[in-house]
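The values are calculated or read from the model by the stated rules, or taken from the named source; none is laboratory data. If you're wondering where the values come from, they're calculated on a predicted model, not measured in any experiment. Quick reminder, even Gly has a Cβ in these numbers, built from the backbone with ideal geometry, and neighbours come from all protein chains shown.
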Amino acid sequence: MILTNDQQDAVTELVNIAFSRTAAALSDLTGDRVELNVPEVFACPIDQLQSALAKYVSGDVATVHQIFGGAVSGDAFLLLDVEGAAKLVQLLAKGDVPIQQLGSSDREVLAEIGNILLNASLGVFGDLLQVRFTFAVPRLQLESLGAMVASLTMGTVEIRHALLVGARFVIRASNVTGCLVLVLGVTSFELFIAEVDAWAKGMMGEGDNE
Amino acid sequence: MNDAPSSNTTVPSRPAPIGLSSALLTDLDIVADWGLLATDRDLKITFVNSWLERQTDRTADSLLGHSLLEIFASVTPDNQLNYYRQALEGRTAVLSQRLHNFLIPLPPPATQTRFEFMQQTCRIIPLIDAGEISGTLTIIEDVTERVAYETELRERVTALREADQHKDEFLAMLAHELRNPLAPISNAVQILRMSGLNNPMVEAARDVIERQVVHMVRLVDDLLDVSRVSRGKIQLQKLPIDLCAVARQAIETSRPLIDSHRHHFEVVLPNELVLVEGDFVRLAQLISNLLNNAAKYTDPEGQISLFVETSYGSDHRTEQAIVRVCDNGRGIDPSLRDRLFTLFYQADRNLDRSEGGLGIGLALVKSLADLHGGTIQAESPGRGLGSEFILRLPLLKNAMPMTLAKPDSSLTIQPLKFLVVDDNTDSAESMAQLLRADGHTVSTTYDAHKAIEIALQERSAVILLDLGLPELTGYEVCRILRQSGLSESCIIAMSGYASKQDDGVDEEAAFDAHFLKPVDYERLKNVLNEHFQSR
């Protein structure tokens with residue numbers, strides 16, 4: 001499914017709000033200025049997800065996965081390749097030596113970062129679209145990109161769509177690029193897009209009144 | 001709690017909200033080795049499990065009904081309270097130990113003295129009863145032991161890195177110190193050669209000294225190279241070069257060793273150029289190391305072959321330049337193949353070590369191959385069945401090769417006025433003798449200040465200046481001489497270190513050339529010839 005330009009602009013606007021909240025939370029937590037940019041937003045059917053993700057990650061990936069429920073339900077992911085994940089943890093947790101492998105404590109940091117980002121993103125969507133979400137505890141997994149994508153389609157016949165949002169963390173002049181993915185069933189996706197349209201229309205109406 | 005959302009926030013009924021029922025808490029206490037703490041929507045404590053009772057040294061009765069903020073002062077609006085607000089809105093939170101250390105200050109396990117407080121990883125999640133968020137649940141995991149272990153591991157890694165760095169620095173220093181005595185020995189051999197003595201016994205003894213000095217210089221060079229590789233200080237002069245020309249240079253270097261073992265040596269080079277982007281000297285060193293290795297680990301009168309060719313890589317698209325060195329020697333045990341390129345590793349540790357060596361050659365080969373974006377691979381059917389080393393480098397297309405000028409060993413230079421400055425008196429005097437034997441006028445000094453005085457007074461044409469002088473370094477002496485108007489002199493640095501970067505000084509002091517000890521006399525003559533011809 002392709003978003004119209006207006007829908008894409010609206011989602012980008014919402015994501016920007018969420019990312020600025022995430023960046024503020026991470027800055028508070030770490031004492032370092034953290035920036036979080038949105039290079040790109042687009043949507044695709046789940047069967048095209050792997051090739052779409054290849055732009056951001058490859059090989060083995062670290063995935064923070066959070067199931068969310070409510071009027072719109074689905075799966076939210078923060079995806080980073082393992083090297084990027086290790087670098088992000090080192091930058092945020094101020095590791096003194098570069099890490100090649102993610103140990104238990106590093107994985108927890110990554111889960112917390114993913115949790116903050118996914119909570120903020122879904123929170124902003126929920127607040128602005130007047131939809132209430134509830135969230136499961138985030139889970140961190142290290143697996144190949146193929147296995148991660150396969151796990152989304154296994155055992156389900158439901159048509160699902162994915163919303164992909166590039167996410168570039170900038171910390172102390174270094175940057176790490178990953179991807180935020182929302183996977184929604186077709187009903188939830190249509191509802192989500194309808195709410196985005198309504199929000200965008202409302203925003204334009206407000207703008208017209210000014 | 002003033003900041004908490006108002007009660008009775010209802011979550012949509014379909015699909016079911018995500019959370020944990022408070023009815024499960026008592027059951028969880030039986031199976032969980034974690035802290036469990038539940039609150040209502042006003043953050044008043046409604047449940048603590050036995051783990052938390054033990055850790056806080058308080059009974060559940062003394063905690064229940066009290067506000068979380070009142071009991072645990074560490075939970076403040078400035079830090080963790082926001083997570084509870086989120087939970088009351090249906091969100092979950094993970095608090096990692098690395099970013100928070102702990103949520104609630106509790107004593108560490110008795111076995112841990114490293115931390116003042118128990119290190120914790122926590123989750124704060126909504127409690128759901130009858131489809132409504134009824135409060136929060138905090139799950140606290142004690143990770144103190146794990147974090148202590150991880151911290152210790154990190155400290156050990158840091159200590160090992162430091163030790164490794166000290167080792168590299170020691171190797172560089174050792175190589176430097178070993179070079180100093182080699183310089184006068186090498187000079188003395190040259191003097192003996194020029195003295196015209198024809199006594200066969202003296203000649204034989206001189207040849208022994210010369211061969212052993214060359215061998216020692218090679219060992220010291222290897223040591224220096226390996227310390228430079230480990231410290232990332234090797235700098236390649238990459239240019240488009242013909243790999244066949246590189247191979248010919250390597251053959252010239254290794255030929256004496258191959259011939260001394262009476263090996264049959266086959267060389268197969270293509271007629272066309274095989275261009276790569278590389279450092280001529282370093283790639284020649286790499287191939288020479290492979291040839292020396294083959295010569296050393298093949299029994300006398302064995303077969304050694306060198307092939308240079310091109311082929312497509314595993315992707316069937318990229319063309320590669322390939323150098324193969326094959327022998328029918330001692331071969332490689334399959335179980336040892338992966339360790340061959342490890343520094344200081346020697347497959348023949350238990351043999352008589354008749355070929356000696358430090359276990360550096362192949363490690364250096366791998367480092368140099370890596371630095372050129374290439375690979376090195378060792379193949380062997382097994383012990384006693386020979387081996388094959390395959391170097392693969394990216395092939396360069398559409399470029400012209402650069403050629404290196406070879407030193408002219410028959411060169412003679414007109415008599416010049418020299419000043420030799422070295423605090424190692426043997427080194428200074430033997431170099432002076434060598435130069436005098438060639439007809440030059442030579443002054444020597446072992447002192448930096450005296451060197452400045454003599455150089456300015458005599459207006460020396462050539463100043464051979466040791467960098468490691470006491471009081472003033474060679475760099476400082478050179479700078480003073482240049483500033484004092486000695487611009488026409490050829491000032492040459494001599495150092496036990498292989499490059500300017502190795503001696504820790506990174507400044508341009510207007511030297512005309514930089515020589516490694518022992519000074520290669522033929523190269524010195526070439527440098528001087530070029531210098532004075534250009535004037």
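Structure notes:
- Count of segment B:444-462 residues which are under 15 Å from residue B:416 (Cβ atoms), aliphatic (A, V, I, L, M) and surrounded by 23 or more Cβ atoms within 10 Å (Cβ to Cβ): 2
- Of everything in segment A:124-140 that is crowded, with 24+ Cβ neighbours inside 10 Å and within 9 Å of another protein chain (Cβ to nearest Cβ), the residue that is modelled with the highest pLDDT is A:138.
- Among residues of segment B:425-443, those that are crowded, with 21+ Cβ neighbours inside 10 Å and not in a helix (DSSP H, G or I), counted: 1
- Restricting attention to segment B:244-293, the residues that are under 26 Å from the mean Cα position of the chain (by Cα) and within 27 Å of residue B:332 (Cα to Cα) total 14.
- Among strands (runs of 3 or more DSSP E) entirely within segment B:249-317, having at least 3 residues that are more than 23 Å from residue B:372 (Cβ to Cβ) singles out B:264-268.
- Exclusive hit being more than 41 Å from the chain's Cα centre (by Cα) and of a type in the set (A, V, I, L, M), set B:139, B:185, B:191: B:139
- Criterion violated by residue A:143 - all others in (1) facing chain B (nearest Cβ under 10 Å); (2) of a type in the set (D, E, K, R); (3) in a strand (DSSP E or B) satisfied: (1)
- Annotation: of all residues in segment A:12-22 being farther than 22 Å from residue A:172 by Cβ and of a type in the set (Val, Ile, Thr), the one that is surrounded by the most Cβ atoms within 10 Å (Cβ to Cβ) is A:15.
- With respect to being touching a residue at least 24 places away in the same chain (Cβ under 8 Å) and either surrounded by fewer than 22 Cβ atoms within 10 Å (Cβ to Cβ) or part of a loop (DSSP other than H, G, I, E, B) (or both), residue A:190 falls outside the description.
- Note on segment B:359-395: residues that are part of a loop (DSSP other than H, G, I, E, B), among the aliphatic types (A, V, I, L, M) and crowded, with 19+ Cβ neighbours inside 10 Å total 2.
- Residues within segment B:133-153 that are in contact with a strand residue (DSSP E or B) (Cβ under 8 Å, 6 or more places away or on another chain) and either within 11 Å of another protein chain (Cβ to nearest Cβ) or in a loop (DSSP other than H, G, I, E, B) (or both), tallied: 5
- Selection count where residues are closer than 20 Å to residue B:41 by Cβ and either touching a residue at least 12 places away in the same chain (Cβ under 8 Å) or basic (Lys, Arg) (or both), scope segment B:61-103: 25
- Members of segment A:89-122 that are at the interface with chain B (Cβ under 7 Å from one of its Cβ atoms) and of a type in the set (Gly, Ala, Ser): A:93, A:103, A:104, A:105, A:111
- Residue match in segment A:179-187 (condition: more than 14 Å from the chain's Cα centre (by Cα) and within 30 Å of residue B:127 (Cβ to Cβ)): yes
- Test result for residue A:64, within 14 Å of chain B (Cβ to nearest Cβ), surrounded by 23 or more Cβ atoms within 10 Å (Cβ to Cβ) and within 30 Å of residue A:188 (Cβ to Cβ): yes
- The C-beta contact set for segment B:251-278 (first residue of a type in the set (Lys, Arg), second residue surrounded by fewer than 12 Cβ atoms within 10 Å (Cβ to Cβ), distance under 8 angstrom, 6+ apart or interchain) comprises B:262/B:300; B:262/B:301.
- Pairing residues of segment A:74-95 that are basic (Lys, Arg) with residues that are buried (at least 20 other Cβ atoms within 10 Å of the Cβ) and at pLDDT 85 or above, at Cβ distances under 8 Å and at least 6 apart in sequence or on separate chains, gives A:87/A:176.
- Each residue in segment A:67-88 was checked for being more than 14 Å from chain B (Cβ to nearest Cβ) and part of a strand (DSSP E or B), and 4 of them qualify.
- Residues in segment B:154-201 that are of a type in the set (Val, Ile, Thr) and either more than 14 Å from chain A (Cβ to nearest Cβ) or touching a residue at least 12 places away in the same chain (Cβ under 8 Å) (or both): B:185, B:189, B:191.
- Residue within segment B:463-480 that is closer than 22 Å to residue B:196 by Cβ and crowded, with 21+ Cβ neighbours inside 10 Å present: no
For every residue, the table says whether it meets (1) of a type in the set (D, E, K, R); (2) assigned to a helix (DSSP H, G or I); (3) crowded, with 16+ Cβ neighbours inside 10 Å.
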position: A:3; (1), (2), (3): no, no, yes
position: A:7; (1), (2), (3): no, yes, yes
position: A:10; (1), (2), (3): no, yes, yes
position: A:24; (1), (2), (3): no, yes, no
position: A:32; (1), (2), (3): yes, no, no
position: A:44; (1), (2), (3): no, no, yes
position: A:55; (1), (2), (3): yes, no, no
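- Search result, residues across segment B:103-121 that are more than 10 Å from chain A (Cβ to nearest Cβ), in contact with a strand residue (DSSP E or B) (Cβ under 8 Å, 6 or more places away or on another chain) and modelled with pLDDT of 90 or more: B:106, B:118, B:120
- Residues that are surrounded by 22 or more Cβ atoms within 10 Å (Cβ to Cβ) and touching an Asp or Glu at 6+ places or on another chain (Cβ under 6 Å) are absent from segment B:311-329 altogether.
- Residues that are more than 30 Å from residue B:433 (Cβ to Cβ) and in contact with a Pro (Cβ under 7 Å, 6 or more places away or on another chain) do not occur anywhere in segment B:181-191.
- Test: residue A:121 is surrounded by fewer than 21 Cβ atoms within 10 Å (Cβ to Cβ), modelled with pLDDT under 90 and among the hydroxyl-bearing types (Ser, Thr, Tyr): no
For every residue, the table says whether it meets (1) under 21 Å from residue B:225 (Cα atoms); (2) in a helix (DSSP H, G or I); (3) modelled with pLDDT under 85.
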residue	(1), (2), (3)
B:479	no, yes, no
B:482	no, yes, no
B:493	yes, no, no
B:498	yes, no, yes
B:502	yes, yes, yes
B:505	yes, no, yes
B:510	no, no, yes
B:524	no, yes, no
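- Candidates A:97, A:89, A:38, filtered to the one that is modelled with pLDDT under 85, touching a Gly at 6+ places or on another chain (Cβ under 9 Å), more than 17 Å from residue A:151 (Cβ to Cβ) and among the hydrophobic types (A, V, I, L, M, F, W, C): A:38
- Checking segment A:88-103 against the condition returns no match, with no residue being under 15 Å from residue A:177 (Cα atoms) and within 13 Å of the chain's Cα centre (by Cα).
- Entirely in segment B:42-91, the helices (runs of 4 or more DSSP H) that have 3 or more residues that are surrounded by 14 or more Cβ atoms within 10 Å (Cβ to Cβ), of a type in the set (Val, Ile, Thr) and within 14 Å of chain A (Cβ to nearest Cβ): none
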